Amino acid sequence: MERVAKFLKEAGAYYLATVEGNQPRVRPFGTVNVFDGKLYIQTGKAKNVAKQIEANPKVEICAFTNGEWVRVAGELVEDDRREARVSMLDAYPDLKRMYDPDDGNTVVYYIKNAVATFSSFTAAPEVVTF
């Protein structure tokens, strides 16, 4: 999990895929945080992505940097603890202009049953789970 978090942070942006009905939806994300032994992401409850996750928590994340990429498949689980929201916002202070741990909009998810596949054009894929 730490390796995945490091890779996603180094990439700067990663892409989160969700499903809306029968249509895939992909968008860039930038938040990733390790808290309480789990890998977290963050968004706003008012956004379509949060509604898509609520309807179907199975997602995939993909990031590319330095000739390598990682794909992470799993389920997102909302953590409604204030401490989890605070930890994310402390890790990304710029978000505090848009989000607050007590605003009723900030939502953090951790990924469970994660399968991460590290790939490149020059090496065999490596799979890790967490």
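The values are calculated or read from the model by the stated rules, or taken from the named source; none is laboratory data. Quick caveat, the model's predicted, so the values are computed rather than measured. Because the Cβ atoms are built from the backbone with ideal geometry, glycine has one as well, and the counts that use them run over all protein chains shown. Side chains are part of the model used for accessible areas, which takes the heavy atoms of the whole protein and leaves out ligands, DNA and RNA. Shrake-Rupley method; radii C 1.70, N 1.55, O 1.52, S 1.80 Å.
A few points about this structure:
- Helix-only arithmetic for the chain: the sum of -39500 (n - 2.57) across DSSP H runs with n ≥ 4, divided by the residue total, places the mean residue ellipticity at 222 nm at -6000 deg cm²/dmol.
- Under 14 Å, Cβ to Cβ, from Val86 - net charge with Lys/Arg +1 and Asp/Glu -1: -4
- Long-range lysine pairs (8 or more apart or interchain), the chain, Cα under 24 Å: 24
- Pairwise FRET efficiency - Lys6 versus Lys47, Cβ, R0 = 25 Å, nearest 0.05: 0.45
- Contact order, relative form, for the chain: 25 percent (alpha carbon pairs under 8 Å, 6 or more residues apart, mean separation divided by residue count).
- Near Thr106: Cβ cut-off under 9 Å, other residues only, Lys/Arg at +1 and Asp/Glu at -1. The net charge is -1.
- Distance between the pseudo-spin-label points of Glu20 and Val127 (7 Å out from Cα toward the beta carbon): 3.1 nm.
- Solvent-accessible surface (1.4 Å probe) assigned to Ser120 amounts to roughly 20 Å².
- Estimated from the Cβ-Cβ distance and a Förster radius of 30 angstrom, the FRET efficiency linking Asp103 and Ala55 is about 0.85.
- Where the chain is the region considered: accessible area per residue in Å², 1.4 Å probe: 56
- Surface composition of the stretch 80-130: carbon plus sulfur atoms contribute 52% of the solvent-accessible area (1.4 Å probe, protein chains only, all chains present).
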